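The values are calculated or read from the model by the stated rules, or taken from the named source; none is laboratory data. Since the structure is predicted, the reported quantities are computational estimates derived from the model, not experimental observations. Cβ placement follows ideal geometry from the backbone for every residue including glycine, while neighbour counts extend to all protein chains displayed. SASA here: full protein model, heavy atoms, side chains in, ligands and nucleic acids out. Shrake-Rupley method; radii C 1.70, N 1.55, O 1.52, S 1.80 Å.
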Amino acid sequence: HETYHIIAFLILISVLIGTIVLLSWVPPVSRDALTHHLAVPKLYLQNGGIYEIPSIGFSYYPMNLDLLYTIPLYFGNDIAPKFIHFIFALLTAWLIYGYLVKRLGVVWALLGALFFLSVPIIVKLSITVYVDLGLVFFSTASILVLLKWIDNRFQLKYLILSAACCGLALGTKYNGLLVLFILTVFIPFVFISNSKKTLNKKKPANKEESIRIQFKAVGFGAIFCAVALLVFSPWMIRNYVWKTNPI
């Protein structure tokens, strides 16, 4: 029965992907795509590089994904950016599958990926030249790597990788600031909670050990925030140069 379920879910995912690809083979018509996500990169190409465009407020937003759209636009293709955006939905589905397959098995992992890809707003975004699916991918990656940091006894490399993903989310859309805030607060909390549980299994934590744990927890939170902002910093520097305001 499990084999039948796997085949069924694979067929459903394939049909869904095929349908989204078919729906994407039309020129972009959404307002944000035509006035922002395609318009600004096109102006950059015409100018030969990034330059300030005071008449377009959107041009001051972070543009990690928008810069990717310059590649097909250079060749005169305004449909390929839809597929670039859709790729980030597929990558997020792959992250969900990878997380679930180790815990619940292939069937539930495929169901999780199918559920994500079939959510109406994800389908809508997958056929549109926006940047939200990039934000979803980098935010999901940041959270999952952070969980891996917890599972691997707080190895610094996972914390830095998670922070880098969070920084890429910030560089995709300002909504990533919410992810940065939540995860920066979450890190000290979860480290203190886990450390005290580990200590209490051996012996009750004394005041000195509790203070040491708290300092270390705040340090981890600070490292996460600093690395994320460092990855995001090129866009802040650009805006500071143009407007003396990094945001």
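Taken over the range 132-162, the residue count meeting the criterion of being under 22 Å from L90 (Cα atoms) and either in contact with a Phe, Trp or Tyr (Cβ under 6 Å, 6 or more places away or on another chain) or hydroxyl-bearing (S, T, Y) (or both) is 10.
Residues are listed down the side, and each one gets a yes or a no for (1) within 28 Å of V40 (Cα to Cα); (2) among the hydroxyl-bearing types (S, T, Y); (3) open to solvent by less than 20 Å² (accessible area, probe 1.4 Å):
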{"position": "V129", "(1), (2), (3)": "yes, no, yes"}
{"position": "F138", "(1), (2), (3)": "yes, no, no"}
{"position": "L159", "(1), (2), (3)": "no, no, yes"}
{"position": "S162", "(1), (2), (3)": "no, yes, yes"}
{"position": "L170", "(1), (2), (3)": "yes, no, yes"}
{"position": "V190", "(1), (2), (3)": "no, no, yes"}
{"position": "V218", "(1), (2), (3)": "no, no, no"}
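Across the range 97-118, what is the number of residues that are open to solvent by less than 40 Å² (accessible area, probe 1.4 Å) and closer than 27 Å to L68 by Cβ?
Residues of the range 97-118 that are open to solvent by less than 40 Å² (accessible area, probe 1.4 Å), as a first pass: 98, 100, 105, 107, 109-110, 112-114, 116-117.
With the extra rule that they be closer than 27 Å to L68 by Cβ, the set shrinks to 98, 112-114, 116-117.
Residues flagged as open to solvent by less than 40 Å² (accessible area, probe 1.4 Å) and closer than 27 Å to L68 by Cβ within the range 97-118 amount to 6.
Taken over the range 234-247, the criterion of being assigned to a helix (DSSP H, G or I) and either of a type in the set (F, W, Y) or surrounded by fewer than 16 Cβ atoms within 10 Å (Cβ to Cβ) (or both) is satisfied by P234, W235, I237, Y240, V241, W242, K243. Number of residues in the range 29-54 that are open to solvent by 60 Å² or more (accessible area, probe 1.4 Å) and of a type in the set (A, V, I, L, M, F, W, C): the value is 4.
Within the range 72-92, identify whether any single residue is open to solvent by less than 60 Å² (accessible area, probe 1.4 Å), in contact with a His (Cβ under 8 Å, 6 or more places away or on another chain) and either free of Cβ contacts under 8 Å to residues at least 60 places away in the same chain or of a type in the set (D, E) (or both), and answer yes or no. Yes - at least one qualifying residue is present in the range 72-92.
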